[in-house]
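Working notes for the structure below.
The values are calculated or read from the model by the stated rules, or taken from the named source; none is laboratory data. From a predicted model like this one, the values you see are computed outputs, not experimental measurements. Because the Cβ atoms are built from the backbone with ideal geometry, glycine has one as well, and the counts that use them run over all protein chains shown. Remember, those area values only see protein heavy atoms, side chains included, never the ligands or the DNA or RNA. Shrake-Rupley method; radii C 1.70, N 1.55, O 1.52, S 1.80 Å.
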Amino acid sequence: MPPLADRHGRRFPYLRLSITPACNFRCRYCLPHGYHAEAGVAGPLTLDEIARLLRGFAELGMQKLRITGGEPGVRRDLVEVLRTAAAAPGLKKLAMTTNGTLLSRRLHAWMDAGLNAINVSVDSLDRAAFARITGHDRLDDILHGVDMALDAELPAVKLNAVLLRGVNDNELPRWLDYLRDHAVGLRFIELMQTGDNLAFFRDHHVRAEALAGELRERGWQALPRALDDGPAREYAHPDYAGRIGIIAPYAKDFCAGCNRLRVTATGDLRLCLFGEFGIPLRKYLARDDQLPDLVRAIGGQIGRKEQGHFLHQGRTGITPHLASTGG
């Protein structure tokens, strides 16, 4: 069936599913003090619950699934999760966002399980800056994993870099050197305010739109968006093997192209990354015969999706940090 549509005419073929809120990095913009489990909070969805959830979204036209965290690699059954996800009816693209710490060791197992697209967080190509941002000196190993993914001809390899004023916002020349012969899609992501990073946001927020202007001045051309593309506006240049995407959530009409829904690690449907409520779906995931109830629950909520987020008003919803929802 065609993908879900909301009252604003947007369609949603793309689901982002967090499989754990835990992360082994301490990124300054997300979990600067590391991950700490909250007492009394239910554990992540089980493999059986994930399978039932994805059957429900498949009934509603899901074509692309992105596995997120936290860091998905901290789940010991990640390969089984990927294999289960790849079996979802009608799924065309199975992607995952990771910090890349296990990439060089687990890439081929992930690909064998059905993974065909990956985003790796690489906030700087400077080793010292990378360590300051993430709390880990792992840049060389992560880039080696990226090279492995390219050599293995994984269909889509992308890198994510959160723009931070005074930290990594002067690295475009270094990235251009990298992209000249690396056929990756680089995503520059504008820093977003969350519930617990206000001071950091005020110190380091830089508008991504300025970078788009610089790319156009250097001869980069904007590309059209596909139905299941993420939020990046992508640019290409004939002299470079790689492409550059810009995710600018504070730009005008950013939400007009929204095509994705989110489910948290504990099974709450989030209509927006910065929404002010979650819809519990876990109660519909205990048994196979609950599939019709699950489909009705998801379809019945899509009309509550707002036309846009409220970040410009400083309203960050119920997202304390990006790892809590899946970024």
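Odds and ends about this structure:
- Between the range 35-81 and the range 172-196, the alpha-carbon center distance in angstrom: 26 Å
- Accessible area expressed per residue, the chain, with surrounding protein chains retained (probe 1.4 Å, Å²): 44 Å²
- Förster radius 22 Å - calculated FRET efficiency between E38 and I279, Cβ distance, rounded to 0.05: 0.65
- Each DSSP beta bridge with both residues in the range 15-128 is either parallel or antiparallel, and the antiparallel ones are about 0%.
- Where K283, K64, K93 fall by accessible area, highest first, once all protein chains stay in place (1.4 Å): K283, K93, K64
- Here the chain carries DSSP beta bridges of which approximately 25% are antiparallel, counting only pairs with both residues inside.
- Accessible-area composition of the range 1-107, carbon plus sulfur, in percent [1.4 Å probe]: 50 percent
- Membrane-span-like helices in the chain, defined purely by DSSP H runs whose alpha carbon atoms cover 15 Å or more axially and whose average Kyte-Doolittle hydropathy reaches 0.0, are 47-59, 139-151, 291-301.
- Choice from A51, A199, A232 with maximal GNM fluctuation in the chain (Cα, 10 Å cutoff): A199
- Per-residue ellipticity at 222 nm computed for the chain from its helices equals -8000 deg cm²/dmol, with DSSP H segments shorter than 4 residues left out and the rest contributing -39,500 (n - 2.57).
- Among 184-193, 2-11, sorting by the average number of other beta carbon atoms lying within 10 angstrom of each residue, highest first, gives 184-193, 2-11.
- Label-point gap, in nm, between D253 and L47 - each point 7 angstrom along Cα→Cβ: 4.6 nm
- If you sort the three axes of the alpha carbon gyration tensor as a ≥ b ≥ c, you get a/c under 1.5 for the chain, which makes it rounded.
- Taking all protein chains together and a 1.4 Å probe, the residues Y35, Y235, Y284 rank Y35, Y284, Y235 from largest to smallest accessible area.
- To put it simply, the accessible area of the range 140-278 at a 1.4 Å probe is 48 percent carbon and sulfur.
- Here's the list of aspartates and glutamates a cross-link from K64 could span, going by alpha-carbon distance under 17 Å and ignoring same-chain residues fewer than 8 apart: D228, D229.
- For the range 123-237, the alpha-carbon radius of gyration amounts to 1.12 times the rule-of-thumb value 2.2 N^0.38 Å expected for a compact globular protein.
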